[in-house]
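For reference, the structure is listed below as structure tokens.
The values are calculated or read from the model by the stated rules, or taken from the named source; none is laboratory data. What you are looking at is a predicted structure, and each value in this text was computed from that prediction instead of being measured. For neighbour counting, all protein chains shown are included, and Cβ atoms are generated from backbone atoms with ideal geometry for every residue, glycine included. Surface areas here come from the heavy atoms of the whole protein model, side chains and all, with no ligands, DNA or RNA. Shrake-Rupley method; radii C 1.70, N 1.55, O 1.52, S 1.80 Å.
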Amino acid sequence: MTVQLSLKAVDKFYGAIDKGVHAVRNINMDVHKGEIIALLGSSGCGKTSTLRMVAGFEDTSRGTITLAGREIQKLPPVKRNVAMAFEGYSLYPTVTVRENIAFALKAAKLSETEVAAKVKEVSEMLEITDILDRFPTSISGGQQQRASLARALVRDADLHLLDEPMGQLEPQLRTLLRGRIKHYIKERGLTAILVTHDQTEANAMADRIAVMEGGVLQQFASPEEIKEAPANLFTGTFVGEPPMNVFPAVVSDTGDQIHFDLQGGLDLQYPAKDFSADVRQAMLSRRQIVLGVRPYAVQRSAEGAPATVEANQWLGDQTHIAARFAGASIVLVEHDFTDVALGSEIRVHLNPNDLHVFDAETGQALSHGAQLA
Amino acid sequence: MESVNPIERALRGIAITLVILFFMFPIFWIILMSFQTNETILRMPPSMVFTPTLENYMALITGKLETSAGILEIAFMKNLFNSFFLSTASVAIGLVLGVPAAYAFARLKFKGSEDIAFTLLSFRFAPPLLVLLPLTIYFQQLGLANTYGGLIWVYQLIVLPLILWIVRGYFEDIPADVEYAYRIAGHSWGATFRKIALPLAGPGIAAAALLAFIFAWNNFVFALVLASADKQPVTVGALAFVTASGIQYGQIAAGIVLSIAPTFALALYAQRYLVEGLSLGAVKG
Ligand SMILES: Nc1ncnc2c1ncn2[C@@H]1O[C@H](COP(=O)(O)OP(=O)(O)OP(=O)(O)O)[C@@H](O)[C@H]1O
Ligand SMILES: [Mg+2]
């Protein structure tokens with residue numbers, strides 16, 4: 001696989017270097033040709049800033065950006081051959097949607113028939129053929145968003161940056177379009193970075209997910225890996241719905257037993273052989289750890305520890321139960337309709353294979369189940 | 001239409017009539033005066049009944065002013081032309097210099113850009129007399145005194161700050177991303193300025209140009225000091241009607257009517273642009 005986009009030690013400061021807002025911190029990232037990358041992270045974590053540096057609208061405070069073999073961080077946007085769908089759509093208000101989409105193609109000196117064919121294809125894909133001759137100010141937000149997305153996707157650029165391209169669309173249309181867009185991108189071998197707040201969208205469309213927080217790239221891996229082996233506490237709790245349950249704990253070892261002392265005097269015990277020697281050593285060298293377990297993995301079992309039901313929601317296809325556990329709240333998911341009364345006691349069991357252990361101080365993952373992180 | 005009760009409507013009508021009367025009466029009176037002779041103007045008590053005469057206009061157009069002391073040559077038509085030429089040329093140059101500068105101030109935020117922009121605006125605050133004395137001396141030494149070029153140059157003190165500040169506001173209102181979207185689509189910085197920024201700020205530029213034209217047209221003191229009769233605009237030329245044998249009210253009135261007519265027409269026309277300019281980015285086409 002050839003590397004299409006490479007960010008090396010990239011920093012972004014708004015204002016003076018080392019003095020202004022440090023929006024992006026030392027990002028290193030290689031994107032392969034033909035890959036779709038989802039950029040996931042909470043609001044204000046630096047996603048848009050990263051895209052804008054790659055596109056050339058913000059200068060790169062430090063580091064190098066290489067695209068298709070060219071170092072581009074000093075080039076003006078026109079020389080970068082990057083397409084972008086903007087968070088705020090940014091359509092040209094004085095021309096029709098059709099002309100908006102065709103602008104870049106005309107600048108690239110394509111023939112009129114080619115332009116027409118490409119515009120037709122992308123607008124059919126995004127269901128906007130009926131608004132092509134309208135002006136951007138006279139169409140709805142969702143239509144503007146698709147027009148802006150069409151304007152980016154119609155191009156044959158080295159890189160497509162899509163900043164929350166479907167945020168305004170209703171769920172049905174989103175689900176339909178994300179499949180089509182993925183197909184469109186893959187069919188043409190385009191490389192794309194997609195910013196989204198929708199984890200389902202990220203999982204469905206992306207080959208790899210980049211999780212950002214506080215300007216720092218937390219983890220960059222496949223959706224499966226992010227789910228099964230989150231690199232740190234942030235990724236663990238940020239990705240996954242409902243979020244991972246976490247409990248601070250102190251680890252100790254009495255020869256053939258491993259003890260996790262949770263808050264509220266709860267002591268979870270496991271046979272030492274449930275964990276490999278490396279994992280035991282990693283945990284015991286820290287003592288103060290954070291235990292994480294996904295809601296789907298929490299089991300109800302007679303031998304489990306007691307928990308008091310606090311909330312019970314039937315979502316139409318699954319039940320989310322929240323219960324008081326170890327001085328905190330634990331959420332578990334049942335795949336059928338489960339009727340447990342509020343205030344009643346249930347017993348929950350955490351399988352050692354489902355435990356994610358994080359260093360309490362740094363938040364770094366130590367182990368995932370039996371595997372060392 | 002919302003329904004209002006008749007009393008409210010009547011009161012509103014009266015208020016509007018009063019305001020219009022207050023502002024329009026002087027203009028109305030001047031127009032009346034311009035069709036009268038000095039005698040009918042000055043009679044006591046004043047009356048609105050008179051036989052209209054085109055004498056005043058004729059005198060202005062032929063350039064021959066008949067006074068009790070004999071026939072006086074006046075250069076009113078020349079002055080009118082000067083006003084036109086000076087204002088148009090000043091605004092044209094002001095636009096060529098001011099619009100790109102306004103764009104730079106709106107888009108490139110560099111250290112001190114705000115201070116520079118404000119300094120330029122502050123030329124508008126300074127009393128013209130402050131700069132006139134040194135300017136007169138410089139102009140004489142440079143050979144610019146009493147030339148169109150020199151006058152147009154000083155007129156930039158009036159039009160440039162105005163254009164710069166108004167147009168900068170319009171450029172700032174254009175979302176930067178609209179321009180970025182165009183640039184990233186394979187267009188240079190210059191092409192983006194011409195194809196995106198200029199058209200979107202068009203109504204604002206038109207409004208600024210019209211305002212600047214009116215301000216330049218109405219200027220008095222620069223031309224009074226820096227130009228002699230053949231380069232003077234109407235504002236200064238009207239002084240010629242204050243003659244040794246009396247003040248020619250009729251001709252002054254006719255002169256005023258002729259000299260405000262272009263700005264008046266422009267203002268009426270600009271109204272549309274100002275409204276359009278204020279709703280920048282609204283539905284088009
Ligand atoms: N022009 C700017 N000047 C100063 N600070 C800025 C500027 N643009 C963004 N920031 C700051 O940089 C940080 C990252 O912003 P950015 O827009 O990249 O976030 P984001 O991840 O795209 O958020 P969202 O999900 O809300 O779009 C934020 O703290 C923001 O306040
Ligand atoms: Mg953003």
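Odds and ends about this structure:
- Qualifying residue in the stretch A:144-159 (condition: part of a strand (DSSP E or B) and either within 14 Å of chain B (Cβ to nearest Cβ) or in contact with an Asp or Glu (Cβ under 6 Å, 6 or more places away or on another chain) (or both)): yes
- Close contacts from the stretch A:343-365, counting a first residue that is assigned to a strand (DSSP E or B) and a second that is exposed (fewer than 14 other Cβ atoms within 10 Å of the Cβ) and of a type in the set (D, E), with Cβ to Cβ under 7 Å and a gap of 6+ residues or different chains, come to A:H349/A:E303.
- When B:Y57 is tested against the conditions (1) open to solvent by less than 40 Å² (accessible area, probe 1.4 Å); (2) more than 24 Å from B:I256 (Cβ to Cβ), the lone failure is (2).
- Residue in the stretch A:29-49 that is touching a Lys or Arg at 6+ places or on another chain (Cβ under 8 Å) and open to solvent by 60 Å² or more (accessible area, probe 1.4 Å) present: no
- Close pairs from the stretch A:89-113: first basic (K, R), partner open to solvent by 20 Å² or more (accessible area, probe 1.4 Å), Cβ under 7 Å, at least 6 apart: A:R98/A:D133
- Residue within the stretch A:89-101 that is within 16 Å of ligand 1 (Cβ to nearest atom) and among the aromatic types (F, W, Y) present: yes
- Looking at the stretch B:101-220, the helices (runs of 4 or more DSSP H) lying wholly inside it that each contain 2 or more residues that are within 24 Å of the chain's Cα centre (by Cα) and within 14 Å of chain A (Cβ to nearest Cβ) sit at B:198-218.
- Here the stretch A:104-117 is the region considered, the condition is being part of a helix (DSSP H, G or I) and open to solvent by 70 Å² or more (accessible area, probe 1.4 Å), and the residue that is nearest to A:L149 (Cα to Cα) is A:K106.
- Selection within the stretch A:19-62: residues that are among the charged types (D, E, K, R), in a loop (DSSP other than H, G, I, E, B) and within 21 Å of A:K74 (Cα to Cα). The member of this set that is nearest to ligand 1 (Cβ to nearest atom) is A:E58.
- Conditions (1) on the phi < 0 side of the Ramachandran plot; (2) in contact (Cβ under 8 Å) with a residue 60 or more places away in the chain; (3) within 16 Å of ligand 2 (Cβ to nearest atom); number of the one not met by A:M53: (2)
- Hits in the stretch A:62-79 - residues which are surrounded by fewer than 23 Cβ atoms within 10 Å (Cβ to Cβ) and facing another protein chain (nearest Cβ under 8 Å): A:P76, A:V78
- Residue that is farthest from the chain's Cα centre (by Cα), among those in the stretch A:80-103 that are open to solvent by 50 Å² or more (accessible area, probe 1.4 Å) and within 27 Å of A:A9 (Cβ to Cβ): A:N81
- Test result for A:G292, at pLDDT 90 or above and either within 25 Å of A:F238 (Cα to Cα) or open to solvent by 50 Å² or more (accessible area, probe 1.4 Å) (or both): yes
- Restricting the stretch A:117-126 to residues that are touching a residue at least 12 places away in the same chain (Cβ under 8 Å) and aliphatic (A, V, I, L, M), the residue that is farthest from A:Y184 (Cα to Cα) is A:V119.
- Top-ranked residue in the stretch A:150-178 [being out of contact with any Lys or Arg (no Cβ under 7 Å at 6 or more places or on another chain) and within 16 Å of ligand 1 (Cβ to nearest atom); ranked as nearest to A:S123 (Cα to Cα)]: A:P165
- The residues on offer are B:T51, B:T17, and the sole one that is open to solvent by less than 90 Å² (accessible area, probe 1.4 Å), of a type in the set (V, I, T) and either more than 16 Å from B:Q251 (Cα to Cα) or in a loop (DSSP other than H, G, I, E, B) (or both) is B:T17.
- Residues in the stretch B:204-221 that are in contact (Cβ under 8 Å) with a residue 40 or more places away in the chain and open to solvent by 10 Å² or more (accessible area, probe 1.4 Å): 11 in all.
- Residue match in the stretch A:150-166 (condition: over 20 Å from A:A116 (Cα atoms), free of Cβ contacts under 8 Å to residues at least 40 places away in the same chain, in the same structural domain as A:A102 (by TED's automatic domain parsing) and under 21 Å from the mean Cα position of the chain (by Cα)): yes
- Residue check, A:L233 out of contact with any Cys (no Cβ under 7 Å at 6 or more places or on another chain) and away from ligand 1 (no atom under 16 Å from the Cβ): yes
- Of the candidates A:I185, A:I181, the single residue that is within 20 Å of A:M84 (Cβ to Cβ), away from ligand 1 (no atom under 14 Å from the Cβ) and free of Cβ contacts under 8 Å to residues at least 60 places away in the same chain is A:I181.
- Extreme residue, farthest from A:H320 (Cα to Cα), among residues of the stretch A:232-272 that are in contact with a Pro (Cβ under 7 Å, 6 or more places away or on another chain) and open to solvent by 30 Å² or more (accessible area, probe 1.4 Å): A:D256
- Condition check for A:A85: in contact (Cβ under 8 Å) with a residue 40 or more places away in the chain and more than 16 Å from ligand 2 (Cβ to nearest atom): no
- Helices (runs of 4 or more DSSP H) contained in the stretch A:222-321 and holding at least 2 residues among the charged types (D, E, K, R): A:223-228, A:277-286
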